Amino acid sequence: MERVEIIRAALEDKKASDIEVMDVSRQTSLGDYFIIASCQSAVQVRACVDEVEEKMLEAGYPAKHKEGYRGGSWILIDYGDIIVHVMQQEARDFYSIERLWQEAGTVRNGEEE
């Protein structure tokens with residue numbers, strides 16, 4: 001949960017909104033957690049991703065993979081068991097990841113709801 005909290009704090013620092021942590025460990029082998037956040041522009045999406053990468057690297061956790069940075073409407077960062085989705089609000093509404101993974105538990109303050 002330490003890494004989840006580092007990511008959440010970095011996103012909050014850059015004013016991402018509607019940050020959601022989903023425990024997908026029972027639904028997929030892709031990872032244990034999806035962290036989804038919304039931003040108002042491509043510039044803010046990139047700033048959030050840069051902050052997440054910087055804070056995670058400082059803590060000793062380099063990203064395994066990143067995609068979508070150039071476009072900036074939806075950037076995915078793969079930390080192995082944690083997948084971070086930083087999206088412009090329009091993309092988030094359109095793809096509705098939360099609906100696709102609705103059976104996953106939501107994590108708030110380190111505890112699953």
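The values are calculated or read from the model by the stated rules, or taken from the named source; none is laboratory data. All of these numbers come straight from a predicted model, not from anything done at the bench. All Cβ positions, even for glycine, are placed from backbone atoms using ideal geometry, and neighbour counts span all protein chains on display.
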> Within segment 22-69, which residues are more than 13 Å from V86 (Cβ to Cβ) and touching a strand residue (DSSP E or B) at 6+ places or on another chain (Cβ under 6 Å)?
Replying inline: M22, D23, V24, G31, Y33, K64, H65
> If you check E51 against the conditions, is it over 23 Å from W101 (Cβ atoms) and of a type in the set (D, E)?
Replying inline: yes
> Out of (1) without any contact (Cβ under 8 Å) to a residue 60 or more places away in the chain; (2) in contact with a Gly (Cβ under 8 Å, 6 or more places away or on another chain); (3) hydrophobic (A, V, I, L, M, F, W, C), the odd one out for M1 is which?
Replying inline: (1)
> Within segment 19-43, which residues are surrounded by fewer than 19 Cβ atoms within 10 Å (Cβ to Cβ) and at pLDDT 95 or above?
Replying inline: I19, Q40, S41, A42, V43
>> Cβ contacts < 7 Å: first residue more than 13 Å from I6 (Cα to Cα), restricted to segment 49-78; second residue exposed (fewer than 15 other Cβ atoms within 10 Å of the Cβ) and of a type in the set (G, A, S), any location; separation 6+ or different chain. Result?
In response: K64/G80
>> Can you find, within segment 56-78, the residue that is nearest to Q89 (Cα to Cα) among those that are more than 13 Å from the chain's Cα centre (by Cα) and assigned to a helix (DSSP H, G or I)?
In response: L57
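Just for segment 79-96: of the residues that are assigned to a helix (DSSP H, G or I) and of a type in the set (D, E, K, R), which one is surrounded by the fewest Cβ atoms within 10 Å (Cβ to Cβ)? Lay out the reasoning, then the answer.
So the first thing to find is which residues in segment 79-96 are assigned to a helix (DSSP H, G or I), and the list is 89-95.
This time we only want the ones that are of a type in the set (D, E, K, R), so: 90, 92-93.
Numbers: E90: 12, R92: 22, D93: 10.
Once the filter is applied, the top-ranked residue is D93.
Of all residues in segment 26-47, how many are of a type outside the set (V, I, T) and closer than 16 Å to I97 by Cβ? Show your work before the answer.
Taking segment 26-47 as the starting set, the residues that turn out to be of a type outside the set (V, I, T) are 26-27, 29-34, 37-42, 44, 46-47.
Remaining after also requiring closer than 16 Å to I97 by Cβ: 27, 30-34, 37-39.
Residues that pass the stated criteria total 9.
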> For segment 19-43, how many residues meet the condition of being touching a residue at least 40 places away in the same chain (Cβ under 8 Å) and part of a strand (DSSP E or B)?
Replying inline: 11
>> Go through (1) touching a helix residue (DSSP H, G or I) at 6+ places or on another chain (Cβ under 6 Å); (2) of a type outside the set (F, W, Y); (3) surrounded by fewer than 13 Cβ atoms within 10 Å (Cβ to Cβ) for I75 and report which single condition fails.
In response: (3)
